Amino acid sequence: MARVLVLYHSTYGHIEQMAYAVAEGAREAGAEVDVKRVPELVPEEIAVSAGYKLDQPAPIAQVADLPNYDAIVIGVGTRYGRMPSQMSNFWDQAGALWGSGALIGKVGSVFASTASQHGGQETTLFSGITNLLHMGMVIVGLPYSFQGQLTLDEVTGGSPYGATTITGGQGQRMPSENELAGARFQGRHVAGIAERLRA
């Protein structure tokens, strides 16, 4: 049974919701799944005043835990077309894993959110993919067999590089059912490939 880590940072709960959808899909494929988050770097008083969702039940991840998984799926919001400093800071601490090659050959995948349709979803996905490639991971995206990313019936996230959601400029829009379906599909896809690579 493949072990999958869904590792995320979520400011207002959008990526948190997507993370649990990815985990649901991976479990449907038979994987053992943990959902964890990276530490918040914003001081608590500022986070509270900005309305951050601080009551997230997922435990805080440790860099040392990463080699215990066959696949790591990271979820991030977008900061100016790239992943936020919280996730970057976490991976910046993984130099020893890079040096030892501890993650080489494991599956890596990314999902993301932006405020708008053109707010940098694909560049944000690639900012995460770049880190995973440097670790020697095998990158898995969201193939077009997930037909939901081709729909013209609604405004929706999704790209071949990973599942995405659109939050709105004030964070007023939570993931749609189509976007959550993409996240579940990605989770199933990652888990299936991780299991085959273990064989």
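The values are calculated or read from the model by the stated rules, or taken from the named source; none is laboratory data. What you are looking at is a predicted structure, and each value in this text was computed from that prediction instead of being measured. Glycine also receives a Cβ, built like all others from the backbone with ideal geometry; neighbour counts cover every protein chain displayed.
Laid out as a table, the results:
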read-out	value
Residues that are touching a helix residue (DSSP H, G or I) at 6+ places or on another chain (Cβ under 6 Å) and part of a helix (DSSP H, G or I), drawn from the stretch 24-38	Glu24, Gly25, Ala26, Glu28
The stretch 107-118, subset crowded, with 19+ Cβ neighbours inside 10 Å and of a type outside the set (Ser, Thr, Tyr), residue farthest from Ser10 (Cα to Cα)	Val107
Test: residue in the stretch 120-141 that is over 22 Å from Ile193 (Cβ atoms) and assigned to a loop (DSSP other than H, G, I, E, B)	yes
Matching option when the condition is at pLDDT 95 or above, more than 29 Å from Ala102 (Cβ to Cβ) and among the β-branched types (Val, Ile, Thr), among Val48, Val38	Val48
Residues (free of Cβ contacts under 8 Å to residues at least 40 places away in the same chain and among the basic types (Lys, Arg)) located in the stretch 28-57	Lys36, Arg37
Check on Met174, in a loop (DSSP other than H, G, I, E, B), within 18 Å of the chain's Cα centre (by Cα), within 30 Å of Ala50 (Cα to Cα) and at pLDDT 95 or above	yes
Of all residues making up the stretch 94-119, the number that are part of a loop (DSSP other than H, G, I, E, B) and either closer than 23 Å to Ala191 by Cβ or of a type in the set (Gly, Ala, Ser) (or both)	10
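The rows are residues; the columns are (1) surrounded by fewer than 20 Cβ atoms within 10 Å (Cβ to Cβ); (2) hydroxyl-bearing (Ser, Thr, Tyr).
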{"site": "Thr151", "(1), (2)": "yes, yes"}
{"site": "Thr156", "(1), (2)": "no, yes"}
{"site": "Ser159", "(1), (2)": "yes, yes"}
{"site": "Ile166", "(1), (2)": "no, no"}
{"site": "Gln170", "(1), (2)": "yes, no"}
{"site": "Gly182", "(1), (2)": "no, no"}
{"site": "Ala194", "(1), (2)": "no, no"}
